[in-house]
Amino acid sequence: IEFTMTPYVDGMYNAFSDYIKPTHHPSTPFSVNLMLSKHSTVDPAESQAVLDRGYMRAIGMLLWAARGCFPECAQGVSQLGSMMAKPTEESWSAAIHMIAWMRTQRERRIRFSKDAPVEPTVLTDGSNKPDMFDGLCRYGHWTMVAGGPVTWSSKKLAHVGLSAFHNEYMALRH
């Protein structure tokens, strides 16, 4: 069984193509060193300009794609979603970056195969890079069965970790 979202990704790209440079072909879904925080100081005029461009629509479309066929975007979409109340130009650029990345990956698919191991494989990871405003780190998990992902998420930990080991343990608990 295979799942693709090629027409959806093309439609999303076309909806925001005015903001994407034709030569923009990112190699990652989200900038590696970027950490967005809803606690950062934002000019209300900047937020309104970003909202007027369609930030909420873009994040809704990215969330749908991440839930349907792009689990590796969960961490980035989680950060982008946390900025919904007062988005910044930086968060807008990150959303456009992810849309452009999905466009380069639009033919990709999730595939479940009878030849792949049917035993569940679960991967977890806890970051040791805290949000500078609340001290919470992010974690994620990914469960694979028959060669394809069946569950995944990326969220902030509920408590401040005391060490990298503590963050990993809390991520594993979730």
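Just one of the numbered conditions (1) out of contact with any Gly (no Cβ under 7 Å at 6 or more places or on another chain); (2) in contact (Cβ under 8 Å) with a residue 40 or more places away in the chain; (3) open to solvent by 40 Å² or more (accessible area, probe 1.4 Å) is not true of residue 62; which one? The single condition residue 62 does not satisfy is (3). Scanning segment 113-132 turns up one or more residues that are in contact with a Ser or Thr (Cβ under 9 Å, 6 or more places away or on another chain), modelled with pLDDT under 90 and open to solvent by 60 Å² or more (accessible area, probe 1.4 Å).
Screening the candidates 149, 87 for the property of being open to solvent by less than 60 Å² (accessible area, probe 1.4 Å), under 25 Å from residue 46 (Cα atoms) and either at pLDDT below 90 or touching a Ser or Thr at 6+ places or on another chain (Cβ under 8 Å) (or both) yields one hit, 87. Filtered by the rule that a residue be of a type in the set (Ser, Thr, Tyr) and more than 25 Å from residue 5 (Cα to Cα), segment 37-93 gives 37, 40, 41, 47, 88.
The values are calculated or read from the model by the stated rules, or taken from the named source; none is laboratory data. Only a predicted model underlies this, so the values are computations on that prediction, with no experimental measurement involved. Positions of Cβ are generated from backbone atoms using ideal geometry, with glycine treated the same way; all protein chains shown enter the neighbour counts. Areas reflect the complete protein model, heavy atoms only, side chains present, ligands, DNA and RNA absent. Shrake-Rupley method; radii C 1.70, N 1.55, O 1.52, S 1.80 Å.
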